[in-house]
1. Can you find even one residue in region 73-84 that is buried (at least 17 other Cβ atoms within 10 Å of the Cβ) and within 25 Å of Q36 (Cα to Cα)?
2. Given the conditions (1) modelled with pLDDT of 95 or more; (2) closer than 30 Å to Q36 by Cβ; (3) surrounded by fewer than 14 Cβ atoms within 10 Å (Cβ to Cβ), report the number of the one that F151 does not fulfil.
3. From N125, N80, grab the single residue that is over 12 Å from the mean Cα position of the chain (by Cα), under 23 Å from L29 (Cβ atoms) and assigned to a helix (DSSP H, G or I).
4. Could you list, in sequence order, the residues of region 128-138 that are assigned to a helix (DSSP H, G or I) and either more than 17 Å from the chain's Cα centre (by Cα) or not polar (S, T, N, Q) (or both)?
5. Can you report the number of residues in region 85-122 which are in a helix (DSSP H, G or I) and either more than 18 Å from H26 (Cβ to Cβ) or of a type in the set (S, T, N, Q) (or both)?
6. How do the pairs read when you match residues in region 116-140 that are on the phi < 0 side of the Ramachandran plot with residues anywhere that are β-branched (V, I, T) and part of a helix (DSSP H, G or I), using Cβ under 6 Å and keeping only pairs 6 or more apart or on different chains?
7. Taking only region 16-48 into account, find how many residues are of a type in the set (G, A, S), under 30 Å from T132 (Cα atoms) and assigned to a helix (DSSP H, G or I).
Amino acid sequence: MNDINNKNKPIKRHSALQPLSREHHHGLLLCWKIRQGFKRDISPERIKVYADWFWETHLAPHFEAEEKYLFPILPADNENVKKALHEHQRLKRLFHKSDDLIKNLNRIEEELERHIRFEERVLFNEIQQAATAAQMQDIETVHVSDTHSNFCDNLSDEFWKA
């Protein structure tokens, strides 16, 4: 009976993973900003400028940190790691596309949100359960020293507020 109750109980995020989870929150905000931009009939070019900035400044370094420090905790043939790596590549391609902006931005918004939810609900929990204390300490030490762990937004064109 106790095991059943514990399965539904959320796992407390280890402090080493909390900065990456906060970065996920900012990624979800990007998705919201894209949706707000479309609701407000903002030109897709304006939204793309912000999305490109977000990719270069925050998302690409975030993916790199996950791939370098988190994913290797699990075996390379782990299905959830393979899924996350595939999604990283797919999102990278979407961010680099410049044609059919409306369709592409909608795909970014949908796929990034789905990807973040997957990592938070499935992959990070699996990594947290498999990682040793030393591995978590390494992640915490490296990530705290990385400059991309402190979010600074680009407010030069707040199209989502227009």
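1. Among the residues of region 73-84, not one is buried (at least 17 other Cβ atoms within 10 Å of the Cβ) and within 25 Å of Q36 (Cα to Cα), which makes the answer no.
2. For F151, the exception is condition (1).
3. Values: N80 fails: under 23 Å from L29 (Cβ atoms).
Of the residues listed, the single one that is over 12 Å from the mean Cα position of the chain (by Cα), under 23 Å from L29 (Cβ atoms) and assigned to a helix (DSSP H, G or I) is N125.
4. From region 128-138, those assigned to a helix (DSSP H, G or I) are 128-130, 133-138; that's our starting set.
Answer for region 128-138, where residues must be assigned to a helix (DSSP H, G or I) and either more than 17 Å from the chain's Cα centre (by Cα) or not polar (S, T, N, Q) (or both): Q129, A130, A133, A134, Q135, M136, Q137, D138.
5. Adding up the residues that qualify gives 13.
6. That search, which allows pairs on different chains as well, returns I127/I73; A130/I73; A131/I73; Q135/I73.
7. We begin by selecting, within region 16-48, every residue of a type in the set (G, A, S); these are 16, 21, 27, 37, 43.
Applying the additional criterion that residues be under 30 Å from T132 (Cα atoms) yields 16, 21, 27.
Right, trim to assigned to a helix (DSSP H, G or I) and you get 21, 27.
Number of matching residues: 2.
The values are calculated or read from the model by the stated rules, or taken from the named source; none is laboratory data. Just so we're clear, the structure is a prediction, and the values are computed from it rather than from any experiment. Cβ: placed from backbone, ideal geometry, glycine included. Neighbour counts: every protein chain shown.
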